[in-house]
Amino acid sequence: MRQSGLFATETGAEIHLYGWNDQGGFWHGPTEVAPASNGTGPILRKLRNAPGTFHGRLHCAVRGLPGVDFHTTVYDLTDAGLAMVHLDGDLHAPIGVVAVIPAQRRRRLRPEFAFGFVSFLSFLGAAASPDSELAIHDYLESVLRTDTASALVFTVEGPQLDSDTSIVTSAFFENLAVAMLQWLCPEHAEMEAGDDGIFEACPAAVVCTPAAA
């Protein structure tokens, strides 16, 4: 991990992303996230203006693909951060859920985190079957036992997305997760101040911004 990365400061922790694809029924990861390359500034600014809970629309665009508005709710749960993501205009089952566990909060993590996360997915209808719930639970338990020094990101993407929307959604999840980590542990965020004093603008390839009203 580059030493300019978000958590490569006092703790030296890396950010590892693990993703569940419900359509294929498989996990991927860990993917090492390099925060310095992510465009998180507009999302982070929104989170900081809504301490504890954020609820609103965020827009994400990937070069060459149509932009997407995501109706997003983010919670600070003391030991972790949790986000529900819906496509704008569709507030039934979410298209995805993002959970982040900062390395600095690992000692606070509740023992039943994996069970609570799967129960939440089941309540929302975000997982397709009981078999997938069991696979998600067991994998989370395994990661929490073995990947003990990193900041962790878990994403669950539903099965109802077309390929283009899925690409933009994955980019949005990554940027949202990094912003959530910065929001939960701001004392460890080494931000490169732009003109607005928050963060450099999103790179041209991936841009996530507050959606227009």
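The values are calculated or read from the model by the stated rules, or taken from the named source; none is laboratory data. Here the structure is a predicted model, which is why all the values come from computation and not from measurement. A quick note on method: Cβ atoms are made from the backbone with ideal geometry, for glycine too, and the neighbour counts reach across all protein chains shown. These accessible areas exclude ligands, DNA and RNA; they are computed on the full protein's heavy atoms, side chains included. Shrake-Rupley method; radii C 1.70, N 1.55, O 1.52, S 1.80 Å.
Quick notes on this structure:
- Criterion applied to 103, 114, 135 was being at pLDDT 85 or above and farther than 20 Å from residue 177 by Cβ, and the one residue passing it is 135.
- Only one of the listed residues (29, 64) is without any contact (Cβ under 8 Å) to a residue 24 or more places away in the chain and part of a loop (DSSP other than H, G, I, E, B). That residue is 64.
- Pair list, Cβ under 8 Å, 6 or more apart: the stretch 132-143 residue without any contact (Cβ under 8 Å) to a residue 40 or more places away in the chain and open to solvent by 40 Å² or more (accessible area, probe 1.4 Å), other residue not in a helix (DSSP H, G or I) and not β-branched (Val, Ile, Thr): 133/127
- One residue stands out in the stretch 39-76 among those that are open to solvent by 20 Å² or more (accessible area, probe 1.4 Å) and polar (S, T, N, Q): the one that is modelled with the lowest pLDDT, namely 49.
- Lone unmet requirement of (1) open to solvent by 60 Å² or more (accessible area, probe 1.4 Å); (2) at pLDDT 85 or above for residue 176: (1)
- In the stretch 47-56, the count of residues that are in contact with a Phe, Trp or Tyr (Cβ under 6 Å, 6 or more places away or on another chain) and not in a strand (DSSP E or B) is one or more.
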